[in-house]
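Here is the structure we will look at, set down as structure tokens.
Each reported figure results from applying straightforward, stated rules to the coordinates on display, with no laboratory input. Remember, predicted model here, so these are calculated numbers, not experimental data. In this analysis, Cβ positions are derived from the backbone assuming ideal geometry, glycine residues included, and neighbour counts consider all displayed protein chains.
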Amino acid sequence: MAGHPTEWGGSLRTVSQFVFLFVFWLLLSGHYDVTQPVDRYLIGSGAAVCAFVTWLARRRFAILDEEGHPIQLGVRVLVYGPWLFWQILLSNWDVFKRVWSPSLPIAPCMVRVPSDTRSDLGTVIYANSITLTPGTVTVSVDHDKRELLVHCLHPGAGVDLLAGGMLRHVKRFEGGGDG
């Protein structure tokens, strides 16, 4: 089974999870001075707790899979993240103009947007990306019909979604291909 914790990818996910948890713990704790006995004790205790939580996540709860800890998306986020940020800025500007300009229509509507992502994780990324861009909110996901129901501030936002640009970016992000 792909992504099973006992495969090589599972081992990489386990190490990644431990490192993430431990770095997060270090940032929150503020204890970095290994020359001080108290800090050494606290750092060791923090590492032990992070190792235990990682063990629990892998062995007892089996949540270190491709969706629970998607390290396979690590490098691709460097492309998708800035693109999504730019889309958020553009949408913010559009909403700002519509709110302050009486000549631009605000005509709320619901649009059914096809979603042929490769995985449930891709669908979640797509739905969240739509919701993060101002003027659109993903209301529901229909897995059987493979579509999202999206509330749009104006019909133009729905037309943009139906054009499929965001879906292509999400599919490239989730699978590395063109979509």
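Can you give me the angle between helix 77-100 and the longest principal axis of the chain, using Cα atoms only, in degrees from 0 to 90, rounded to the nearest 10? Result, in degrees: 40.
Where only DSSP H runs of four or more residues are counted, the chain gives -18000 deg cm²/dmol as its mean residue ellipticity at 222 nm, each run worth -39500 (n - 2.57). Using only side-chain charges placed at the Cβ, +1 for Lys and Arg and -1 for Asp and Glu, the dipole size of the chain relative to its Cα centre rounds to 60 debye.
The fewest-to-most ranking of Phe20, Phe61 by surrounding Cβ atoms within 10 Å reads Phe61, Phe20.
Can you tell me the length gained on complete extension of the stretch Val19 to Arg40, counting 0.36 nm per residue apart and subtracting the Cα distance?
Extra length from Val19 to Arg40 when fully extended: 5.8 nm.
Between the Cα long axis of helix 165-175 and the first principal axis of the chain there is an angle of about 20°, rounded to the nearest 10. Determine which residues of the range 114-158 fall in the zone a paramagnetic label at Leu89 would reach in this model, i.e. backbone nitrogen under 12 Å from the point 7 Å along Cα→Cβ. Nothing falls inside the zone, counting backbone N under 12 Å.
As a rough footprinting exposure proxy, the listed residues Asp33, Asp160 were ranked by other beta carbons within 10 Å of their own, and the order from fewest upward is Asp33, Asp160. Segment Arg76..Leu162, full-extension length gain: 28.6 nm, with 0.36 nm per residue of separation and the alpha-carbon distance subtracted.
Computed over the chain, the quotient of the alpha carbon radius of gyration and 2.2 N^0.38 Å is 1.35. Helix 120-132: angle to the longest alpha-carbon principal axis of the chain, degrees 0 to 90, nearest 10? Helix 120-132 sits at roughly 60 degrees to that axis.
Subtract the Cα-Cα distance of Leu28 and Glu147 from 0.36 nm times their separation in residues, and report this length gain in nm to one decimal. The partial results should precede the final answer.
Values: separation 119, 0.36 × 119 = 42.84 nm, distance 4.05 nm.
Gain in length upon complete extension: 38.8 nm.
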